[in-house]
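Single-structure report; data block below.
The values are calculated or read from the model by the stated rules, or taken from the named source; none is laboratory data. All values derive from a computational prediction rather than experimental measurement. Note that we place each Cβ from the backbone using ideal geometry, even for glycine, and neighbour counts take in every protein chain shown. Areas reflect the complete protein model, heavy atoms only, side chains present, ligands, DNA and RNA absent. Shrake-Rupley method; radii C 1.70, N 1.55, O 1.52, S 1.80 Å.
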Amino acid sequence: MRLPLIAVATVGALSTFANGHAQTTPTQQLTPHLPKDISVTEPVTLQSLQHDFDVFSWQSFIALNWPANADGLPDTSKTIGQQGNAVVWQHYKESRDIFLANGAKPPGWKEHNPPPTQCDAPNNALVLSQVGKTPNVLDESGEPFQTGPLIDQNGQYTRFEILTNKMMFDYIVDNELYNQQGQHKFKGDADFPSTDNSKDKDGAIMIKAAWKVMGPGDDRSRFYTVDAYVYNNPDENQGVQAACQLQRVGLVGFHIATKVEGNPQWIWSTFEHINNAPTQGQPATKQSYNYYRPNCDDCTAVNTPPPRPWDPSTPHTQPSQVERVIAIDEATNKLNQKYHAQLKHAFAESVWVNYELVSTQWPTDAQSKTDPTGVPAPSFLANTTLETYIQGEVKQTSSSCIGCHNNAAMTNGRFADFTYLLQRAQAKGEK
């Protein structure tokens with residue numbers, strides 16, 4: 001089964017797109033360098049461009065997950081998969097270090113806010129509190145879709161974080177978009193910087209990561225894991241008692257949004273752990289899944305949020321029963337296999353062979369004068385850990401990265417350039 005490539009861009013629009021990008025064979029080598037553009041393969045078709053964008057996604061994934069030096073730059077003495085260093089994107093700025101209480105100016109790029117007192121952790125420690133893709137999921141959602149917490153097979157809440165690269169962080173700080181007063185003074189719509197291939201400059205990058213707590217039945221050697229302070233935040237989760245515990249967590253979901261020159265709708269790439277969930281209508285062939293139990297008679301309904309009340313401090317919650325609704329495209333699966341072979345060849349014990357690209361959503365007619373979403377392909381795209389409950393192919397309801405984020409606005413009502421992060425800005429004097 002193929003992803004629904006039902007974009008309706010014209011041949012002319014595709015040709016225009018191709019003429020604006022490099023006409024070269026996309027590299028599929030393992031490199032720590034972030035791609036700045038799409039390398040287009042001729043002859044150009046919708047399917048060939050999908051492949052080229054998928055290559056862009058994999059090259060981004062590899063560069064972002066390359067072991068990093070202390071300054072956050074890739075450690076070129078190592079290759080991807082080697083342990084011992086935090087990876088590049090873990091040096092990005094977490095959203096909770098940007099949008100502060102009282103609309104305060106965030107600390108500098110290499111500085112950190114102190115963690116919650118309950119965590120007794122160093123300032124640069126990873127603290128995970130968010131239990132939904134959107135903030136305050138237990139109270140409300142900033143996005144116009146059904147959402148809710150995701151529970152793993154050990155009955156534990158999945159945790160989330162959203163981060164920005166320095167290019168995006170600097171734009172927010174330089175324009176005082178971190179508080180509501182600054183946004184109201186800002187003239188015009190937000191417009192984050194794009195890549196500049198001629199100057200070898202990165203564009204704005206936004207990361208969304210989903211983590212599960214490692215527990216019984218989890219083979220840690222198959223996950224990218226880190227130590228994190230898992231925090232139950234009473235301010236975010238109404239009725240929850242504050243608590244914090246240092247735990248080992250494993251990466252299960254990974255979004256990359258990159259603003260690429262000529263693509264104002266951004267490029268949206270999504271990866272998952274290969275054991276997250278089976279695909280609907282296909283045999284469940286894995287020995288175990290992170291969010292699915294075969295032959296289950298007492299499980300919750302498939303792809304349904306757990307019943308309220310939601311409380312991440314509960315010792316055990318009924319696990320979510322998750323299935324992938326739209327199968328990964330056959331061509332993308334083949335590309336995944338190629339990259340897995342390279343990753344294993346570069347480092348035999350690489351955990352990254354356990355992660356796969358689901359797909360890449362991109363604008364087929366980026367300069368469309370009638371459709372601000374640029375006629376995205378595929379039309380729908382969901383990650384089972386980040387859009388668990390809005391998978392499908394229902395217009396205005398099912399997950400479409402570009403379609404959803406096109407509605408993002410700042411607190412002054414102006415366009416937020418495809419990110420909901422700016423809605424987190426608080427007013428000065430507000431606690």
Need pairs with beta-carbon distance below 7 Å; first residue at pLDDT 90 or above and within segment 397-416, second assigned to a helix (DSSP H, G or I) and among the hydrophobic types (A, V, I, L, M, F, W, C); sequence gap 6+ or separate chains. MET410/LEU422; ALA416/LEU422
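Yes/no per residue for (1) within 27 Å of THR45 (Cα to Cα); (2) of a type outside the set (A, V, I, L, M):
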position: GLU323; (1), (2): no, yes
position: ILE328; (1), (2): yes, no
position: ALA348; (1), (2): no, no
position: ASP365; (1), (2): yes, yes
Hits in segment 312-340 - residues which are more than 20 Å from GLU387 (Cα to Cα) and open to solvent by 30 Å² or more (accessible area, probe 1.4 Å): SER313, THR314, PRO315, HIS316, GLU330, ALA331, ASN333, LYS334, GLN337, LYS338, HIS340
Quickly run through segment 376-431 and pick out the residues that are of a type in the set (A, V, I, L, M), out of contact with any strand residue (DSSP E or B) (no Cβ under 7 Å at 6 or more places or on another chain) and closer than 24 Å to ALA101 by Cα. ALA408, MET410, LEU422
Got at least one residue in segment 152-169 being of a type in the set (Phe, Trp, Tyr), modelled with pLDDT of 95 or more and farther than 30 Å from ALA63 by Cα? no
Within the set of pairs 6 or more residues apart or between chains, which connect a residue that is touching a residue at least 40 places away in the same chain (Cβ under 8 Å) inside segment 218-232 to a residue that is of a type in the set (Val, Ile, Thr) and part of a loop (DSSP other than H, G, I, E, B) with Cβ atoms less than 9 Å apart? ARG222/ILE274; ASN232/VAL131; ASN232/VAL240
Please state which one of GLU393, GLU430 is assigned to a loop (DSSP other than H, G, I, E, B), modelled with pLDDT under 95 and over 20 Å from THR279 (Cβ atoms). GLU430
Determine whether segment 363-375 contains at least one residue that is without any contact (Cβ under 8 Å) to a residue 60 or more places away in the chain, open to solvent by 50 Å² or more (accessible area, probe 1.4 Å) and hydroxyl-bearing (Ser, Thr, Tyr). yes
Matching residues, segment 331-378, being among the acidic types (Asp, Glu) and more than 16 Å from THR270 (Cα to Cα): GLU349, ASP365, ASP371
Could you check ILE402 against (1) under 26 Å from VAL322 (Cα atoms); (2) in a loop (DSSP other than H, G, I, E, B) and say which number it fails? (2)
Across (1) in contact with a Gly (Cβ under 7 Å, 6 or more places away or on another chain); (2) under 18 Å from ASN275 (Cα atoms), GLN423 clears everything bar (2)
Go through (1) among the aromatic types (Phe, Trp, Tyr); (2) part of a helix (DSSP H, G or I); (3) within 19 Å of the chain's Cα centre (by Cα) and name the single condition TRP211 misses. (2)
Determine which member of the set ASP202, ASP139 is open to solvent by 50 Å² or more (accessible area, probe 1.4 Å) and modelled with pLDDT of 95 or more. ASP202
Quick check on my filter: what residues within segment 60-101 are among the basic types (Lys, Arg) and either over 23 Å from ASN354 (Cα atoms) or in contact with a His (Cβ under 6 Å, 6 or more places away or on another chain) (or both)? LYS93, ARG96
I'm trying to understand the selection: among the residues of segment 259-275, which are open to solvent by 10 Å² or more (accessible area, probe 1.4 Å), under 29 Å from GLY374 (Cα atoms) and not small (Gly, Ala, Ser)? GLU261, PRO264, TRP268
